[in-house]
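Written out below as structure tokens is the structure these notes cover.
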Amino acid sequence: MKVCIYGAGAIGGYMAVMMKRGGVDVSLVARGAHLEAIKANGLTLRMAGEEITERMPAAKDPAELGHQDYVIIALKAHQAWESAEAMKPLLGPDTAVVTAQNGVPWWYFHGIEGQYSDLRLLSVDPDNRQWDAIGPERVIGCTVYPATEIVEPGVIKHIYGDQFGLGEPNKQITPRVQKLADAINAGGLKAKIYPDIRNDIWLKLWGNLCFNPISALTHATLDVVATDPGTRTLARNMMLEAQRIGARLGVHFRVDVDRRINGAAKVGAHRTSMLQDLDKGRPLEIDALLTAVQEMGRLVDLETPFIDSVLALVQQMGRVKGVYPTFPEKAADEEGRSIAP
């Protein structure tokens, strides 16, 4: 099995080392000092007091790596949008593309029946760039639960977690998703196939859409956001708005809102990914976590005043600090909603 990890950063690098250890033919798309270190010394994972180093092909140009059986996109949503055309050399006739990202994915309405079938989300895929360059029929959805970080070029540190959720947009358990799960598990990770991956996407999104922007705005760690009465109430109200949207779209939430918040509080003094990006001057992942939920709320005629307010604040903060990578302006319909094909 040939697997290319497109974006060998903290999560992508973690997956690469573990899958390589499990016997998969892994290659990497990376850049900068991280890429040079991988080429020179291999990719190192620090985990549970030990260091694991694996050598594998790595390149900045995907054309050097050729067609793959699976391409795992471990970029943030805005980076994946920017890179969609560059991925084409990796895509053979039967290549599956795994979207290992947070937030609402660009393919969300592919594979479902009803009035929203194949609807495109402007907030995460303007100009249908990913839809056209990759094709939704290639997609396997993926939710990511581990926490990792790059501690120096070529070196990944595992902090906690080893679980990944997988699922086909059409809700079928196909041979290709089962084969991928087996390969992930063989390396010591834990992959669970969901009949409807959208339920798990929303469960992960449920926390990210509130904890990430609130922590970035306040500089508070996750335990504080989830326990301080003011920020907990704000997060809870944002989550309830999102839950109503998800329910209108047929999503099942397997835990209640307070249990989800309490679970986040137990993680402890964790700096959310958005807060880390803000501190390092990196672009913030706002649209996939918040703007898309607002867009879906408008789609199903539900108001989202708490989400709208936090979104406006974090967008403005991002613009002021130069870390909000806004997509080019694209035309929506007269009500500003998603566009059907």
Task: Residues that are touching a helix residue (DSSP H, G or I) at 6+ places or on another chain (Cβ under 7 Å), of a type in the set (Gly, Ala, Ser) and closer than 24 Å to Ser273 by Cα, drawn from segment 124-154 - done: Gly141, Gly154
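If you scan segment 113-127, which residues turn out to be buried (at least 16 other Cβ atoms within 10 Å of the Cβ) and of a type outside the set (Val, Ile, Thr)?
Across segment 113-127, the qualifying residues are Tyr116, Leu119, Arg120, Leu121, Leu122, Ser123, Asp125, Pro126.
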- [ ] Might you check whether a residue that is farther than 18 Å from Gly154 by Cβ, modelled with pLDDT of 95 or more and outside the structural domain of Ala242 (by TED's automatic domain parsing) occurs anywhere in segment 5-20?
- [x] no
Open item on the list: Looking only at segment 163-176, how many residues end up being free of Cβ contacts under 8 Å to residues at least 40 places away in the same chain and not polar (S, T, N, Q)?
Closed with: 4
- [ ] Please specify each residue of segment 71-120 satisfying the condition of being among the charged types (D, E, K, R) and outside any loop (DSSP other than H, G, I, E, B).
- [x] Glu82, Glu85, Lys88, Asp94, Arg120
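The rows are residues; the columns are (1) more than 12 Å from the chain's Cα centre (by Cα); (2) at pLDDT below 95; (3) of a type in the set (A, V, I, L, M).
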position: Ser83; (1), (2), (3): yes, no, no
position: Gly92; (1), (2), (3): yes, no, no
position: Val98; (1), (2), (3): no, no, yes
position: Trp107; (1), (2), (3): yes, no, no
position: Leu119; (1), (2), (3): yes, no, yes
Task: Long-range neighbours under 6 Å by Cβ, at least six apart or interchain, first residue more than 20 Å from Asp287 (Cα to Cα) and in the same structural domain as Val293 (by TED's automatic domain parsing) within segment 205-224, second surrounded by fewer than 24 Cβ atoms within 10 Å (Cβ to Cβ) and among the aliphatic types (A, V, I, L, M) - done: Thr221/Ala269; Leu222/Ala264; Leu222/Val267; Asp223/Ala265; Asp223/Ala269
Task: Total residues in segment 43-74, condition more than 16 Å from Tyr14 (Cβ to Cβ) and polar (S, T, N, Q) - done: 1
Open item on the list: Anything in segment 85-105 that is surrounded by fewer than 21 Cβ atoms within 10 Å (Cβ to Cβ) and either under 30 Å from Phe211 (Cβ atoms) or not charged (D, E, K, R) (or both)? List them, or say none.
Closed with: Ala86, Pro89, Leu91, Gly92, Pro93, Thr95
TODO: Report, by residue number, each residue of segment 43-70 that is in a loop (DSSP other than H, G, I, E, B) and either surrounded by fewer than 17 Cβ atoms within 10 Å (Cβ to Cβ) or among the aromatic types (Phe, Trp, Tyr) (or both).
DONE: Ala48, Gly49, Arg55, Pro57, Lys60, Asp61, Gly66, His67
Open item on the list: Tell me yes or no: at least one residue of segment 284-306 is out of contact with any Asp or Glu (no Cβ under 7 Å at 6 or more places or on another chain) and of a type in the set (Phe, Trp, Tyr).
Closed with: no
Open item on the list: For segment 209-253, give me each residue that is of a type outside the set (D, E, K, R) and more than 21 Å from Met274 (Cα to Cα).
Closed with: Pro229, Leu240, Gln243, Ile245, Gly246, Ala247, Leu249, Gly250, Val251, His252, Phe253
- [ ] Provide a single number: the residues in segment 161-177 that are in contact with a Leu (Cβ under 8 Å, 6 or more places away or on another chain) and surrounded by fewer than 20 Cβ atoms within 10 Å (Cβ to Cβ).
- [x] 2
TODO: Determine which single condition Ala48 fails, assuming it passes every other condition in (1) among the aliphatic types (A, V, I, L, M); (2) farther than 30 Å from Tyr324 by Cβ; (3) touching a Phe, Trp or Tyr at 6+ places or on another chain (Cβ under 6 Å).
DONE: (3)
- [ ] Evaluate segment 245-261: report whether one residue or more is within 20 Å of the chain's Cα centre (by Cα) and over 25 Å from Met296 (Cα atoms).
- [x] no
TODO: Looking only at segment 211-221, decide whether some residue is under 15 Å from the mean Cα position of the chain (by Cα) and closer than 16 Å to Phe164 by Cβ.
DONE: no
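The values are calculated or read from the model by the stated rules, or taken from the named source; none is laboratory data. Computed from a predicted model, the values in this text were never measured in an experiment. A quick note on method: Cβ atoms are made from the backbone with ideal geometry, for glycine too, and the neighbour counts reach across all protein chains shown.
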